[in-house]
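Below is one structure, written out as structure tokens, with a few remarks after it.
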Amino acid sequence: MSETLNKETETVDDEGKRDFIFLATGAAAAAGAASLVWPFVAQMGKAADTLAAGSIEINLSNVPEGQQLKTLWRGKPVFVRHRTPAEIAEAESVDVSALPDPQTDDERLVPNSSGKVNPKYLVMVGVCTHFGCVPVGEAGDFDGWYCPCHGSHYDTSGRIRKGPAPTNMAIPPYEFISDNVIKVG
Ligand code: FES
């Protein structure tokens, strides 16, 4: 089953929402990782159950530069970050041989139907690979994501750079079904 996300179910970060996610993950940390996703699900509204299964389609052109869309796929948060030129340059300039989980930025992107990757859009499962908290965007020592549960820092490619998380944030299975639309799952 494939669901096309509409305005009602898409959320794009602004200061308020980012703060909400940060507070929700921080407050829930003491209660255990399993509870962390629930504030996010509640925020998604009535379509969350539908979106939790099957595949979803996301129109990348709805995500402004410098913003992140958060949605839900099979019960997991998915981040779609429209990266700025500075974020892309930072991601591409890293010496990957020194990383805990070596991956180039290109290896974390999926080519379109022409076989080219578009470094503007990073699509990830928004779950910390340590114990499953939801990291905060535009935070941490590497300007990417920061997990407040135990202090993992991810870079602008979602690669683990510092802290207890063992691996980079995962890339979900997805493909381009047109120039600007991807299907996740
Ligand atoms: S869950 Fe432990 S650092 Fe993210």
query = Check Ser152: other-chain or 5+ apart residues with amide H under 5 Å from its amide H, H built from backbone geometry?
reply = Cys147
key: Long pairs among Lys76/Lys116; Lys70/Lys120; Lys70/Lys162; Lys76/Lys162, criterion Cα-Cα beyond 19 Å   = Lys76/Lys116; Lys70/Lys162; Lys76/Lys162
inquiry  = Can you compute the FRET efficiency between Lys116 and Ala170 using 1/(1 + (r/R0)^6), with r the Cβ-Cβ distance and R0 = 25 Å? Round to the nearest 0.05.
reply    = 0.65
message = With a 1.4 Å probe and all protein chains left in place, how much of the accessible area of the stretch 81-185 comes from carbon and sulfur atoms, in whole percent?
response = 51
ask   = Per residue, what accessible area does the stretch 58-185 have, given a 1.4 Å probe and all protein chains present, in Å²?
value = 41
note = For the stretch 72-133, the dipole about the Cα centre with charges only on Cβ (Lys and Arg +1, Asp and Glu -1), to the nearest 20 debye, works out at 440
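The values are calculated or read from the model by the stated rules, or taken from the named source; none is laboratory data. Nothing here was measured: the structure is a model prediction, and the numbers come from that model. FYI the Cβ positions are ideal-geometry reconstructions off the backbone, even for glycines, and counts take in every protein chain you see. When the accessible area is computed, the model is the full protein with side chains, heavy atoms only, and any ligands, DNA or RNA have been set aside. Shrake-Rupley method; radii C 1.70, N 1.55, O 1.52, S 1.80 Å.
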